Amino acid sequence: MTKQVTLSINGINVTAPDGTNVVDAAKMAGIDIPVFCHHPKLAPVGMCRMCLVEVGRPVIDRATGQVVMENGQPKIQFMPKLETACTNTVSEGMVVLTTTDKADAGQKSTVEFLLTSHPLDCPICDKGGECPLQNLTMAHGPGKSRFIYDEKLRLDKLVPLGELIWLDRERCIQCARCIRFQDEVVGESVLGFDERGRSTQIVSLSDPGFDSVFSGNTTDICPVGALTTTDFRFAARPWELQAQASVCTQCPVGCNTTINTRREVKAGGDIVVKRIMPRQNEEVNEIWLCDKGRFAYHYVESKKRLTKPLIRKDDKLTRASWDAATKFAAENFSKAKKDFVVLASGRLANEDLFNLKSLADHAGGTAIMYSDMGGGDVTALVGVGQGTNIGKMGSGDAILVVASDMYQEAPIWWLRVKQAADRGATLIVANPRSTKMDRFAKHIIRYAYGDEIKTVNDLSKKGKIADEFAKAKNAIIFYGNEGLGLNGSTGLASACATLLKETEHIGKPNNGLIGVWGRANDQGAWEVGFRPEPDLEQALKGKAVYIVGADPVGDSPALAKALKGAKFVAVQDILETATTEIADVVFAAQAFTEREGTYTSGERRVQRFYAAVPVKGDTKPDFVITSILGRQMGVILEGSSVSVVFDILANSLDAFTDLSYEKLAEVHDQWPIVGRGDMYYGGTTYENMKGLGVQLAPTAQTGATVRIPKVRKEAALRPKEKELLAVPVNKLYDRGVTVNPAQLLHQRIGEATVTLHPTAAKKLGVVEGALVKISFDGVSSEGVVKLDDTISTSVALVPRSMGIAIREPVAASVVQLGKVK
């Protein structure tokens, strides 16, 4: 246990852990000390001087080393000058005074100094209404300025640090929060100071500018209006916004968010989403968001939104009533009997998936999960234990990341694993190529694509890395599907689970297996009983298919061909897609912003999200549509209340026993204390008042017997002469239907690429930037060549969801088509 010390702040006795700075200790006691540069997630620097206070310490007798007593009390000696509360750590018997005339004068002088060259932009500044400088000026600033107006600096007011973040140099107070966040928290030093003295200014040090997927967080912690996002700049005033709790839908981390909305004239008086903000959950995303989670929400307001059911008549989709559309589908599904297939993805909520699985079961059909990654049944067995918090892992613990470029797949997990390594955790990265995680790893294991399982199995044998992992106090394995298809990732999950079981790292907090899934609720789909199909094309041919939250036609020519041979196709989605275009009937579903529900994260944490905007058109929640359809088929499913569906789910699935919407909405105190009442301290992050979620206990933690599926050995695919092994990799910003509609991300999405080793490119006669044709499985696609000297000369990296239909490793040919782009 950390040693506790007692001090006095404004006459109140405060007990805090030794090493805590005075600002944070005061905050724990409900006493606010004004700050600009200090942030509880950053190391103190004492740059702004806003936290000046009087500090007294007990006088120590040099001869005896004892505290000098005076009238029965320790004699306190105050320093003649004010001290910064952020750089002073608490000590036994310390006396701090924050509201004396002397302290007040120091704080007032600091504000006055900061305002000497600060523009009077408040009426048009995006930060107005949630601005620490504005608030602290009202509380501590002078009524009049003593400085000459003509001496104010005139600086650039519209400087693009990157395509997502803008800098107003006149407003910047050089607190360095943004620089320190990128240096300390993220480990990407892409911002810095330039010039000196009054000419000091923030600059981007990277090419492209502000090259980080965490850039939006700097606008949250900026204490003035110097940093603004392209998305929200001049879009609304903070006091006009309504706030509703939600959960990010872009990856399996399950970041807690707040959706800010406003009624808007240019939207015809509709209430629209204006921005996505972080909501504090220290066990999930702390107070951070990645840029994809912050900016990719635009698909919910796309012009391609479906608003009414559609039925195909005379080879055209025409509007229909819900009754007519569901009856039409129900007749065809009932006729199909065992040939009825439900194909659904992890884009859906738990309640939606549960109703869909129930419909498939009652109708005698099959429920297939739309995914190329396996192992969700294994994570249910040996997933991380209840009470897991990566933020608590450090020295003595171990984390293995295998077959995952986590920076591209789950950035907040990447951030939290990186920070665990900073705290002393042993980070082991196993991947065929270099990734951004390597820089923070103690051990890096390189293997050939196809040797993933062998690599993990080798860690159960004697050796330095194996011994370090086995002897770790706690150990977590993150596994992904880099270079793998369904069978390969399934085998990898079993190999990882076996390693964890053999080293006794299962069934307890901060131990176990986590899948780095492609969608937000893939784990939830596994929990309710959906399973991927190794031969999906064959599983769809000649069947009556109910596709929900997936676009197989847009993703794969092979799947498109299979669906053309289906007896009947019903598609349920929120957007028009290539799959809706071939459907016999289309059901218009509500977006996550328009309804309630729950998701299960990769850590198996079940979390609630809430409705933030009114329903679009005549759309319905997915679970309701399935209920209506079921009724037409003679199957009774709950469709009136999402919480009742969850109750039925909780009563049906052992892992969810005793869970309820009320339990998921419970909160407890978190550190640091952040909220909208003191934005100068924690930033504009929202306090969590709507639920921290509940982690499901894996089988290993319940005391039940754990039987891990055997690994099916498959020969690694090796390319022939004049061929390359095309392997699928994941890209954060892709052309998926939930990302591509966000215009401001198009620069980051870019073009379809084929990444080669320079030697392979030279052998093929292609150069970087050239347009090439890549062919496999009888299908050809185009991509732009990128070079990477960390990969094998025999492979070609092909990003998923970028227009090249790759689902697993496959032999391919590459030829140049045109000139360098």
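The values are calculated or read from the model by the stated rules, or taken from the named source; none is laboratory data. Everything numeric in this text was worked out from a predicted model, so none of it was measured. Every residue, glycine as well, gets a Cβ built from its backbone with ideal geometry; the counts of neighbours run over all protein chains shown. Side chains are part of the model used for accessible areas, which takes the heavy atoms of the whole protein and leaves out ligands, DNA and RNA. Shrake-Rupley method; radii C 1.70, N 1.55, O 1.52, S 1.80 Å.
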Exercise. For the range 65-119, restrict the atom set to alpha-carbon positions and state the Rg and Dmax in Å.
Key: 15.7, 53
Quiz prompt | Unit charges on C-beta of K, R, D, E only; dipole of the range 376-519, Debye | solution = 380 debye
Practice problem: Quick one: plug the Kirkwood hydrodynamic radius of the range 4-114 (C-alpha pairs) into Stokes-Einstein at 4 °C, 1.567 mPa s, and report D in µm²/s. | Solution: 90 µm²/s
Quiz item: Residues with beta-carbon under 12 Å from that of GLY128, excluding GLY128: net charge, scoring Lys, Arg +1 and Asp, Glu -1?
Solution: -1
Exercise. Would you kindly give the portion of the calculated P(r) for the range 251-400 that falls above 28 Å, as a percent of all Cα pairs?
Key: 47 percent
Quiz item: So how strong a dipole does the chain carry about its Cα centre when Lys and Arg Cβ are +1 and Asp and Glu Cβ are -1, to the nearest 20 debye?
Solution: 1040 debye
Self-check item: Cα gyration tensor category, rounded, prolate or oblate, for the range 376-519 with a/c compared to 1.5
Solution: rounded
Quiz item: Of ASN71, ILE12, LEU52, whose Cα points farthest to the positive end of the dipole of the range 4-114 (charges on the beta-carbon: +1 Lys, Arg; -1 Asp, Glu; origin at the Cα centre)?
Solution: LEU52
Quiz item: For the range 404-480, what is the Kirkwood estimate of the hydrodynamic radius, computed as the reciprocal of the mean inverse distance between distinct Cα atoms, to one decimal in Å?
Solution: 13.0 Å
Self-check item: Size of the range 88-173 as Cα extents on the principal axes (Å, biggest first)
Solution: 51, 32, 22
Quiz item: Extent of the range 192-274 along each principal axis, from alpha carbon coordinates, in Å, largest to smallest?
Solution: 47, 33, 22
Quiz prompt | the range 98-192 - percent relative contact order, Cα under 8 Å, separation 6 or more | solution = 23 percent
Exercise. Kindly rank 462-472, 804-814 from highest to lowest mean number of other beta carbons found within 10 Å of each residue.
Key: 804-814, 462-472
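Can you bin the range 735-785 into rounded, prolate or oblate? Criterion: square roots of the alpha carbon gyration tensor eigenvalues sorted a ≥ b ≥ c, rounded for a/c under 1.5, prolate for a/b above b/c, oblate for the rest.
oblate
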Exercise. Please calculate how many Å² of accessible area the chain carries per residue, with a 1.4 Å probe and no DNA, RNA or ligand atoms counted.
Key: 40 Å²
Quiz item: Do you know the relative contact order of the chain, to the nearest whole percent, from alpha carbon pairs under 8 angstrom that are 6+ apart?
Solution: 13 percent
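Quick one: if you take sqrt(5λ) for each eigenvalue of the C-alpha gyration tensor of the range 321-410, what semi-axes come out, biggest first, whole angstrom?
Its equivalent ellipsoid spans semi-axes of 40, 14, 13 Å.
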Quiz item: What translational diffusion coefficient, in µm²/s and rounded to a whole number, does the Stokes-Einstein relation yield for the range 724-820 at 37 °C and a viscosity of 0.692 mPa s, taking the hydrodynamic radius as the Kirkwood radius over Cα pairs?
Solution: 243 µm²/s
Practice problem: Kindly point out which whole DSSP H helices in the chain project their C-alpha atoms 18 angstrom or further along the helix axis while averaging a Kyte-Doolittle hydropathy of -0.5 or above. | Solution: 322-336, 486-502
Quiz item: On full extension of the chain, what length is gained from GLU662 through ASP32, given 0.36 nm per residue of separation minus the C-alpha to C-alpha distance?
Solution: 223.6 nm
Quiz item: What share of the DSSP beta bridges in the range 4-114 is antiparallel, in percent to the nearest 5?
Solution: 90 percent
Quiz item: What ranking, highest mean first, results for peptides 153-160, 323-330, 390-397 when packing means the other Cβ atoms within 10 Å averaged over each residue?
Solution: 323-330, 390-397, 153-160
Quiz item: Tell me, what % of the accessible area of the range 724-820 is carbon and sulfur with a 1.4 angstrom probe?
Solution: 50 percent
Exercise. Heavy atoms only, probe 1.4 Å: what % of the accessible area of the range 125-205 goes to carbon and sulfur, would you let me know?
Key: 52 percent
Quiz item: How many Å³ per residue does the convex hull of the Cα positions in the chain occupy?
Solution: 192 Å³
Self-check item: Convex hull of the range 39-186 built on C-alpha atoms - directionally averaged projected area, nm²
Solution: 12.7 nm²
Quiz item: Hey, in the chain, which Cys have no second cysteine's beta-carbon closer than 4.7 Å?
Solution: CYS51, CYS86, CYS122, CYS125, CYS131, CYS172, CYS178, CYS222, CYS251, CYS290, CYS496
Quiz item: Can you give the relative contact order of the range 322-396 as a percent, counting alpha carbon pairs under 8 Å and 6+ residues apart?
Solution: 29 percent
Quiz prompt | Net lengthening on full extension, ALA704/LYS773 (0.36 nm per residue, minus Cα-Cα) | solution = 19.6 nm
Quiz item: What percent antiparallel are the DSSP beta bridges of the chain, to the nearest 5?
Solution: 60 percent
